[in-house]
Amino acid sequence: MRVLFVAAECFPLIKTGGLADVAGALPLALAKLGVDVRVLLPAYPAVHDGLAEPQEVAALPELFGGPARLVAGTAAGGLKVLALDAPHLYDRPGNPYLDADGEDWADNDLRYAALSWVAAEIGQGRLGTWWPHVVHAHDWQAGLALAYLAFEETRPATVFTIHNLAFQGLFPAARLTALKLPDAALSVDGLEFFNQIGFLKAGLSYADGITTVSPTYAREIQTEADGMGLDGVLRGRGEVLTGIVNGIDTEIWNPETDPAIDATYGARRLRGKGIDKMALQERFALEIDQAEPLFCVVSRLTEQKGLDLLLAALPELLDCGGQLAVLGSGAGWLEDGYRVAAEAHAGRVGVVIGYDEPLSHRMQAGADAILVPSRFEPCGLTQLCGLRYGTLPVVARVGGLADTVIDANDAALRDGVATGFQFAPVTAEALGFAIRRACALYADRRRWQAMQRRAMSREVGWAAPAADYLALYRSLAPAPAAALAS
Ligand code: ADP
């Protein structure tokens, strides 16, 4: 079975969020099941720099306004990458989607139409010698691949995965011809969305199978409240829509071997975690004190992530003796809010504004609990890392958070199955109450440690999700046994 992933970012080459983690780790897990996966990515400068053994496999003299090449290479872990080298579209530094002023690049429609166009060409076997049984497109940037393929006579099976319905890739209808799309595509059954071209809508309309990254999010997005205007489309395609919870790379996220942390530890030897806690308290200029429960946040600072609610619940956290360490960047007003909180509560609240991968590991290792108060959350990865590191998640009961954390209610505690704390509705008050529950349980060392060990024993890797994806591919593109074995 051969599968082409199409994605705009992929860890460790280029990452702004969870999509990159999935595009980097799921192919490796699928490879262990015998699937030959290649990831098609734009060759941003960081992709150029990170790609090992690059080899040109095809030349495209004219691709949406300039020449381009398709380059095969590998990334960490043996990940097979197809980089679309189109300097006029991708040779720009920094965030893949934004210019230096933080605005979307004005030609983002062309940039991701080009990626999708090339995906469709590869899907048709027209570029190089490798062609896939399945084209698996991720998020709006890859959605048009399925539109281009839909108008071909024969085509591979197609899968579209929604990582976040909030980003839909909407552009003026007048761009149809420039994007090499046929007039027929601009219909309600196609990619039209309120008189605009919807890249994500294209994926939803034309894919053979649609997945999203948790069963609860799959249900939520079919409701008016959470469907972001696409709930009707999603209900219409409900028979082919499923939810598969993401995993994390358990080699990169492993407290027993993690090179980024001060002291390694495991479920049966938690002592190192105490050392990591002291190191983290020092890093965030917090009081060095094992008795105070240390909460952390590793997140984009946005309203989606509910981090305004945490600011409002901060008095509760402090009142029950907690400390808070925040790593993140995003909306200016939230960055300012956390800076002000850190100044007002020096020694109890610390903040680092920015994106820092090694520090995110040190936070997972050193904190007692991780807060994820998202208003909506397709899957969420930081709570999975939290489970793996015995850093108990305190989460809103939405999307993938609801599917991955077992609340420490009385029944779950009695049965010995709790792994964290859930709260609903998603309000500052309910969050504050959950924080209080966590603080109370933290004071009971024996129970807290039992919960940590249980959390650390949860299966959060990619093996199970990869098997689910493979089953989906097989149902859409039954391949001969010989091909599966190869
Ligand atoms: P989203 O993709 O919506 O931002 P996810 O929880 O799915 O949220 O994935 C976020 C990923 O980005 C996680 O791997 C998390 O550790 C990482 N991350 C988020 N913010 C930061 C940051 N400031 N520094 C380092 N890593 C971060």
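Just so you know, all these numbers are worked out from the coordinates, no wet-lab data involved. Note that the coordinates shown come from a computational prediction; the quantities given were computed from them, not determined experimentally. Cβ placement follows ideal geometry from the backbone for every residue including glycine, while neighbour counts extend to all protein chains displayed.
Sort by residue number and name the cysteines in the chain that have no neighbouring cysteine Cβ under 4.7 Å.
Cys10, Cys296, Cys379, Cys385
Loop only by DSSP, 10 or fewer other Cβ within 10 Å of the Cβ. Give me the GluC sites (Glu not before Pro) in region 1-90 that pass, ordered by residue number.
Glu62
Averaging sequence separations of C-alpha pairs under 8 Å and six or more residues apart, then dividing by the length of region 271-456, give the relative contact order as a whole percent.
On the way: 366 pairs, mean separation 41.5, N = 186.
Worked out over region 271-456, it gives 22 percent.
Could you work out the relative contact order of the chain? I mean the mean sequence separation of Cα pairs under 8 Å and 6+ apart, divided by the number of residues, in percent.
12
For region 53-65, in order, what is each residue's ³J(HN,Hα) by Karplus, 6.51 cos²θ - 1.76 cosθ + 1.60 with θ = phi - 60°, in whole Hz (x at glycine and Pro)?
Residue by residue, region 53-65 yields 6, x, 9, 5, 10, 6, 10, 10, x, 9, 10, 6, x Hz.
Report relative contact order for region 37-181 in percent, whole number only (criteria: Cα-Cα under 8 Å, sequence separation at least 6).
Contact order relative to length: 18 percent.
Could I have the simple spin-label model distance between Gln55 and Glu256, label points 7 Å from Cα toward Cβ, reported in nm to one decimal?
So the two model labels end up 3.7 nm from each other.
Angle check, please: helix 332-344 long axis (alpha carbons) against the longest principal axis of the chain (alpha carbons), in degrees 0 to 90, nearest 10.
The angle comes out near 20 degrees.
Would you calculate, for the chain, the mean residue ellipticity at 222 nm contributed by helices, counting each DSSP H stretch of 4 or more residues as -39,500 (n - 2.57) and dividing by all residues, to the nearest 500?
-11000 deg cm²/dmol
Work out from phi, with θ = phi - 60° and the Karplus expression 6.51 cos²θ - 1.76 cosθ + 1.60, the ³J(HN,Hα) of each residue of region 313-326, listed in order in whole Hz, and give x for Gly and Pro.
Calculated HN-Hα couplings, in order: 8, 4, x, 4, 4, 6, 5, 8, x, x, 10, 9, 10, 10 Hz.
Using modelled amide H (1.01 Å from N, peptide plane; none on Pro or chain starts), what sits under 5 Å from the amide H of Ala68, excluding residues fewer than 5 places away?
Distant-sequence amide H within range of Ala68: Leu60, Glu62, Leu63.
Which cross-chain or sequence-distant (5 or more) residues have an amide H under 5 Å from the amide H of Leu40, H modelled 1.01 Å from N in plane?
Phe5, Val6, Ala7, Leu82
At 7 Å along Cα-to-Cβ for each site, give me the label-to-label distance between Ala225 and Ala285 in nm.
Modelled inter-label distance: 4.2 nm.
Quick one: check the C-alpha center-to-center distance for region 302-342 versus region 360-403, whole angstrom.
Each part's Cα centre sits 15 Å from the other's.
Please work out how many pairs of lysine residues in the chain are eight or more positions apart (or on different chains) and have Cα atoms closer than 30 angstrom.
Count of close lysine pairs: 14.
May I ask you to compute the full-extension gain from Arg474 to Ser457, defined as 0.36 nm times their residue separation minus their alpha-carbon distance, rounded to one decimal in nm?
Residue separation times 0.36 nm, minus the Cα-Cα distance, leaves 3.1 nm.
Rounding to the nearest 10 and keeping the result within 0 to 90°, find how far the Cα-based axis of helix 428-442 lies from the longest principal axis of the chain.
For 428-442 against the chain, the angle is about 60 degrees.
Please give the net charge around Asp231, taking every other residue with its beta carbon less than 10 angstrom from that of Asp231, where Lys and Arg add +1 and Asp and Glu add -1.
Charge balance near Asp231 sits at -2.
Cα centroid distance between region 65-134 and region 45-63, in Å?
9
Antiparallel as a % of all DSSP beta bridges within the chain, to the nearest 5?
30
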